Every structure is written in structure tokens, then in C-alpha cells.
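The next block holds one structure in the form of C-alpha cells; read it before the comments.
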Amino acid sequence: MPLRPIDAIFVHPEKRLYVVYFRGELWQLPRMKVDHAAWQRRQTYDGNTKSLYLSRNQIVTDPILAQTLRTLNLPTAIRGSTLPRFEAWWEVHGFEWLKKLLNNGESPLAAHQSSVKPPVSNIQSLDNTKTDVVNPIEKTETFESAKSATEENAFDNMLAELTNEVLHHRP
């Protein structure tokens, strides 16, 4: 069992399905989509754990499911690892990896990685002047941004709990 029960997304390439490692338990999703509807129809995974590979993408884009699954933005070096290899890495390096991120003021949550703004690009206008464009279509203040703020508060609360846990060495 890993140092701290965490959430991670694994892929079974032969059966073409996702298996979610949810706080130490394996749950098979009924299709190749990680969303709330699939999570509602999950079943216990009882297959070979050596056939599961850590997904390269740990970001849960469904806002409802993201409140339940707190996946981490795991290092690139372990993505694609089998479940046993991932658990071994987590037991040996997980605590120090989390501690280093938190000490640097970085969020370990994968959901926070999806909010990265697009890079600034230079566009040359008709009069040959360059204009910096971050996002040509700005979103207006809507229900979506209010909902996003609520989710960010939930992630901030989880991050504070995780920080406290790491700093006080509580499994």
C-alpha cells in the first residue's frame, strides 16, 4: 500500500479501458472515457495488475468527477509504468516529491495543470505591426467562471490538507 492513498488513472491497453486507482482500490470504468457517467458505472477491477499502465494524462476534465478524483501531476519519468512499479516508486519517492513541490509553492494536482494559459503569439497585422495575442476570444464573466472559482476553492482546501499531511508526516 502506498505511503498515502492517492488517485491515479491507469490504462489497460489490451482491453482498451481505464482503471482508476482510487485511494488504494482499483475501479474499472466501462468505457475509454473518464467522466462522471463512467464513474457511476464503475466496477471493481479484478484483473492482472501487471497489465495496467499509468496514463500519461492524469487530468480529469469532468468538473463533477474532478471533485472526487484528486489525481496528481506525476513526474513524466513514471508515466507509462505498470501498477506495481508505480506503487514501488510512490513508496520510495512519493513523500519527497510532494514535499519538494509544496516547498516550491507548486501544486501537485493534475487539475491545476489544465488551467495553464495559452502561450502569447505574435500576429502581424495588415499594417505590418506585430500584436501580442494571448487569447483572441475572451470569455465573459458567466456561470462557468463562478463554478470554476468554487472548484478552485475545493482544490485549494485539498491542497492545504495535503500540505499539512506531508509536513507533519501523517500517512
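Annotations for the structure displayed:
- Ordered by the count of other Cβ atoms within 10 Å of each Cβ, fewest first, 70, 16 give 16, 70.
- Spin-label model, residue 82/residue 99: points 7 Å from Cα along the beta carbon direction are separated by 3.0 nm.
- Amide H to amide H distances under 5 Å link residue 6 with 23, 24, where only residues 5 or more positions off or on other chains count and H is placed in the peptide plane.
- Take the Cα of residue 16, step 7 Å toward its Cβ, do the same at residue 61, and the gap between the two points is 1.9 nm.
- For the range 1-72, the calculated P(r) over all alpha carbon pairs, in 10 Å bins from 0 to the bin holding the longest distance, is 21, 60, 19, 0 percent.
- Simple spin-label estimate for residue 31 and residue 68 in nanometres, 7 Å along Cα-Cβ: 1.6 nm
Bear in mind that the values in this text are calculations on the coordinates, not laboratory data. Just so you know, these numbers come straight off a predicted model, no measurement behind them. As a convention, Cβ positions derive from the backbone with ideal geometry for all residues, glycine included, and neighbour counts pool all protein chains shown.
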